[in-house]
Structure formats: structure tokens, C-alpha cells
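What follows is calculated from the coordinates using simple rules that are stated; it is not laboratory data. Here the structure is a predicted model, which is why all the values come from computation and not from measurement. Cβ: placed from backbone, ideal geometry, glycine included. Neighbour counts: every protein chain shown.
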Amino acid sequence: MRLRLIVFALLAAASASAAADSVDLNLSSDTIEARYNSSVGFGEWTFGGLYNREQKDQVVNVGLLATGETRVGGSRIDAGLGGKLYATSIGNEEVLALGLGGQLRWFFGDGPFAVGGYGFFAPRVVTFLDGVRFWEAGVRAEIELIKNSFVYIGYRQVQVELDSGAKPNVDKGGFAGLQIKF
């Protein structure tokens, strides 16, 4: 019940934004993840969710990242630093966590191919309810097929450390996806 209230509050906060600048959807054999990104004055606001059908586990997150772009040796690099608030339901346990971290995308030669990675970590001091720690990390390779539309493959791990000492994965493995910017 608590998780449903948290999810409702996160959805209500997400509806406050009027314009999105990208939608991102990826799939594996057991997992679906969707993310909606919107530009703010200094960076990016994100809202996302991940559902693991096999385990019935789920994660909902809202984040705010300071973002920027730079050029190095003819290549473009997009990066962001900030935090995400995570609400997680894993088994019969519920975890609320504030993860800090960042993301990076490197477009080789400023062309259509890029590699990227991200990571967010929430230690004990900012992990609540049934959890002790939370972390999410991933990498991906992507290609821009048409202007502002990317397809990609990647690998991610989302893990929670519970009060019991167990460290179950909400998700771990490869995925394929699509990102559309508008």
C-alpha cells in the first residue's frame, strides 16, 4: 500500500511538466523500462519505471540532472550529474532511496554512433523502509538511424540491499531499446 501511494505521488509530480523532449523504451525477455525526459533551465528532469515480469519487481524513479555538452578531439560528449528518487517493490519488500550519480554519452567523431553509461548509488543514510542500500548502473551502444531517433543495445544491473542482508537484483542483463527526441 505504501508503494502505491509513493508511485501515485511520483506520477502526480511527473504530470506537472508540460513538454517532453524525449521518450525512451527498452525491453529484455523479462523486463520493460520506460523513461520520459524533459529539459529544464540547467539540465534535465526524468521520470521512469522498470518492471520485471518474471519476478514481479518494479522500480519507479524521478530525477533531476545538471547536463552539458562538450567537444573533445572532434567528438561530442553529453554528460549529466544529479540525483534520482527511487521507489522500489521487490518481493514483499519496499524501498525508498535517493541515489546520486551521473550519466555520459560519447559520440565518436560527432557522428551517429555513441557509447554511454550511467550509475546511481544510494547509501544507508538515504535508503529507507525495508532497504539499506540501492544502486543502478548500465552501459549501452546506440546509433542514430534518423534525426533524433536512436536504437540501442545495453546491459544494466539494478540491485537493492535489504534489512535482512539479502542483495536481490531487480534486474540484471541485456536489453534493446529505442529513444525518440522531439
Task: Potential extension, residue 81-residue 25 segment - 0.36 nm per residue separation minus Cα distance - done: 18.0 nm
Task: Acute angle (nearest 10 degrees) that the helix 2-14 long axis makes with the longest principal axis of the chain, alpha-carbon atoms - done: 30
TODO: Provide the FRET efficiency to the nearest 0.05 for the residue 121-residue 55 pair, computing r from the beta carbons and using R0 = 30 Å.
DONE: 0.85
TODO: Please turn the phi angles of segment 139-152 into ³J(HN,Hα) values with the Karplus equation 6.51 cos²θ - 1.76 cosθ + 1.60 (θ = phi - 60°), one per residue in order, whole Hz, x for glycine and proline.
DONE: 9, 7, 10, 9, 9, 8, 6, 9, 3, 6, 10, 10, 10, 8
Open item on the list: At a 10 angstrom cut-off on C-beta neighbours, averaged per residue, how do the peptides 33-42, 148-157, 68-77, 82-91 rank from highest to lowest?
Closed with: 82-91, 148-157, 33-42, 68-77
Task: Cut-off 13 Å between beta-carbons: net charge of the residues surrounding residue 171, Lys and Arg +1, Asp and Glu -1 - done: -1
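Return the calculated 222 nm mean residue ellipticity for the chain, to the nearest 500 deg cm²/dmol, obtained by summing -39500 (n - 2.57) across DSSP H runs with n ≥ 4 and dividing by the residue count.
Rounded to the nearest 500, it is -2500 deg cm²/dmol.
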Task: Farthest positive-ward along the chain dipole, Cα basis, beta-carbon charges - from 160, 79, 180 - done: 79
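Could you give the dipole magnitude of the chain about its Cα centre, charging the beta-carbon of Lys and Arg +1 and that of Asp and Glu -1, in debye to the nearest 20?
Computed charge dipole of the chain: roughly 120 debye.
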Open item on the list: Tell me the net charge near residue 51. Cut-off is 12 Å between Cβ atoms, residue 51 excluded, with +1 for each Lys or Arg and -1 for each Asp or Glu.
Closed with: -3
TODO: Could you name the lysines whose alpha carbon sits less than 28 Å from that of residue 181, not counting residues in the same chain fewer than 8 places away?
DONE: 84, 147, 172
